[in-house]
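The values are calculated or read from the model by the stated rules, or taken from the named source; none is laboratory data. What you are looking at is a predicted structure, and each value in this text was computed from that prediction instead of being measured. Here the Cβ is made from the backbone with ideal geometry for all residues, glycine too, and neighbour counts use every protein chain on show.
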């Protein structure tokens, strides 16, 4: 049956075959337009991916920043841990508790190794190298002499360790930081003496 269309006050009859043909043509045009849009989208995506790859290469070639004032390697945090463990070491050694003394010497050594490995430069000073010289070498020596030592011998070694820390502070222009023999444990909920 033919379809009827109103065109400027005239009624036009279009055969059914022509109407179907127009719908088919319209569908073909829509498919072609969709394909063109898809092709241009793929081209755009490929260009975007190429640009991202190029930026990634550039980013990879950039040198890693120095650790100077880098949050990941905040020097004060390392120093706080060293002071914490040296305080605990003091009370373990004064109590002649060999196992606890060894434990805190080991903890001190681990923190010092972290500082060395972090390659920290602070205010133009190579703290990591200083830590090897003024820290690690002294702690390694103390590790063989402190555990099991009588209180008097332990205190000599402990004073040598704190003096080495203070020497490092002077060399690194931080002589205003002076480590002394502790008077109170940092944690009052730990027993240092041997049962």
(request) Only residues that are in a helix (DSSP H, G or I) and surrounded by fewer than 17 Cβ atoms within 10 Å (Cβ to Cβ): list them for the range 84-108, please. (result) 84, 98, 99, 102, 103, 106
(message) Return the residues of the range 126-173 that are under 23 Å from residue 74 (Cβ atoms) and free of Cβ contacts under 8 Å to residues at least 24 places away in the same chain; say none if nothing qualifies.
(response) 126, 128, 129, 132, 166, 169, 170
(request) Mind listing whichever residues of the range 135-150 are touching a helix residue (DSSP H, G or I) at 6+ places or on another chain (Cβ under 6 Å) and assigned to a helix (DSSP H, G or I)? (result) 135, 136, 138, 139, 142, 143, 145
(message) Against the conditions (1) over 23 Å from residue 195 (Cα atoms); (2) surrounded by 13 or more Cβ atoms within 10 Å (Cβ to Cβ); (3) at pLDDT below 95, where does residue 144 fall short? Just the number, please.
(response) (2)
(message) Against the condition at pLDDT 80 or above and over 30 Å from residue 174 (Cβ atoms), how does residue 95 come out, does it pass?
(response) yes
(message) Looking at 155, 161, can you tell me which residue is part of a helix (DSSP H, G or I), crowded, with 17+ Cβ neighbours inside 10 Å and in the same structural domain as residue 96 (by TED's automatic domain parsing)?
(response) 161
